[in-house]
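Written out below as structure tokens is the structure these notes cover.
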Amino acid sequence: MKIKLLALDLDGTTLRSNNTLSPKVAQAVEAAADSGIEVVAASGRPYGSMPKEVLALRGVNYVVSSNGAAIHDRTGARLHATPMEESEVLRLLELTRDDDLIWEAFLDGATYTDNRYLRHPLRYGCTPAYISYVQNSRGGLDDMRQYIYDNRRRLDSVEYVCPDKVLREQVRDKLERALRETYITSSSANFVEFMHKTATKSNALRWLCRHLNLSLSQTAACGNADNDADMIACAGLGAAVANASDSCKRAAAVLLPGNDNDGVAAFIELVLNG
């Protein structure tokens, strides 16, 4: 069937590795919109951290943020949200009380992070291209665990940053065994992210299909990371860029050039000519 909705992950997919949008991809997105396709920015970022150059593109009328925990329209109005379960947040805090982790919290479109990360992002695995993004998109706190506890009923999602792979995976494994109402995923190597179990990009895509009276067979989706795999798998046409994770590639029907080689533009050309 003809594609009517195009869902695009941002970091590592639509955006280049230097956190910019290439002119070729921007033109392709607007060409898709001009053909009548609804273009959706689907990101792990909270709404307040979405790139202005992406939101300004003609035809980007919907934004999936925090990996599917919230959906906004072009005006910024929140159309749908699925906060974390309070009991799961409390259990998460209990199980990690002895682990030295950098915590971040997402709520109401804003991000708060540990001041250690805000002051020294490179120390915790941030790439140079994203230092400015991190320092300009987050509020800093000394006690993130207390902040998470205080807002335990309102959280879109939380995540920890940990460049120590052994510790990162040990903690993730412990939490995956204990948290039954929580979706756990990763958008990049040093991050482990937690949302309500129904707050996924695939469920956000399903919600938008109901909202717009479309079928999943009329959708296409593209991504690069583990948190994109479910969306790619459920879309009518799913694609992964060459720099994607293994799980993302396995879910995809189409493998594209990488994010630094205008892979999204190639995907849109395929959709428009398909």
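The values are calculated or read from the model by the stated rules, or taken from the named source; none is laboratory data. Computed from a predicted structure; not experimentally measured. Counting neighbours? That spans all protein chains shown, and the Cβs are built from the backbone with ideal geometry, glycine included.
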(request) Filter segment 209-224 for residues that are outside any helix (DSSP H, G or I) and surrounded by fewer than 24 Cβ atoms within 10 Å (Cβ to Cβ) and give the result. (result) N213, L214, S215
(request) Provide a single number: the residues in segment 178-195 that are within 12 Å of E88 (Cα to Cα) and outside any strand (DSSP E or B). (result) 4
(request) Restricting attention to segment 115-161, report how many residues are within 26 Å of H196 (Cβ to Cβ), within 18 Å of the chain's Cα centre (by Cα) and among the hydrophobic types (A, V, I, L, M, F, W, C). (result) 4
(request) Run A204 past the list (1) buried (at least 19 other Cβ atoms within 10 Å of the Cβ); (2) within 24 Å of N261 (Cβ to Cβ); (3) among the hydrophobic types (A, V, I, L, M, F, W, C) and report the number of the one that doesn't hold. (result) (2)
(request) Report whether or not R45 is on the phi < 0 side of the Ramachandran plot, surrounded by 14 or more Cβ atoms within 10 Å (Cβ to Cβ) and either not assigned by TED's automatic domain parsing to the domain that holds G125 or not in a strand (DSSP E or B) (or both). (result) yes
(request) Filter segment 1-42 down to residues that are farther than 18 Å from D156 by Cβ and in a helix (DSSP H, G or I), then give me how many there are. (result) 15
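A quick yes/no check of all residues on (1) assigned to a helix (DSSP H, G or I); (2) under 17 Å from the mean Cα position of the chain (by Cα); (3) in contact (Cβ under 8 Å) with a residue 40 or more places away in the chain; (4) surrounded by fewer than 22 Cβ atoms within 10 Å (Cβ to Cβ):
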| site | (1), (2), (3), (4) |
| --- | --- |
| G238 | no, yes, no, no |
| C248 | yes, yes, no, no |
| F267 | yes, no, yes, no |
| L272 | yes, no, yes, yes |
(request) Report, by residue number, each residue of segment 181-236 that is out of contact with any Ser or Thr (no Cβ under 6 Å at 6 or more places or on another chain), of a type in the set (D, E, K, R) and in contact (Cβ under 8 Å) with a residue 24 or more places away in the chain. (result) E181, K201, R206, D228
(message) Residues to consider are L175, L167; find the one that is in contact (Cβ under 8 Å) with a residue 60 or more places away in the chain, outside any loop (DSSP other than H, G, I, E, B) and surrounded by 17 or more Cβ atoms within 10 Å (Cβ to Cβ).
(response) L175
(request) Tell me, yes or no, whether segment 111-121 has at least one residue that is farther than 14 Å from G48 by Cα, hydrophobic (A, V, I, L, M, F, W, C) and assigned by TED's automatic domain parsing to the domain that holds E181. (result) yes
(request) Run down L101, L107, L93 and say which single residue is of a type in the set (A, V, I, L, M, F, W, C) and either modelled with pLDDT under 95 or in the same structural domain as A220 (by TED's automatic domain parsing) (or both). (result) L107
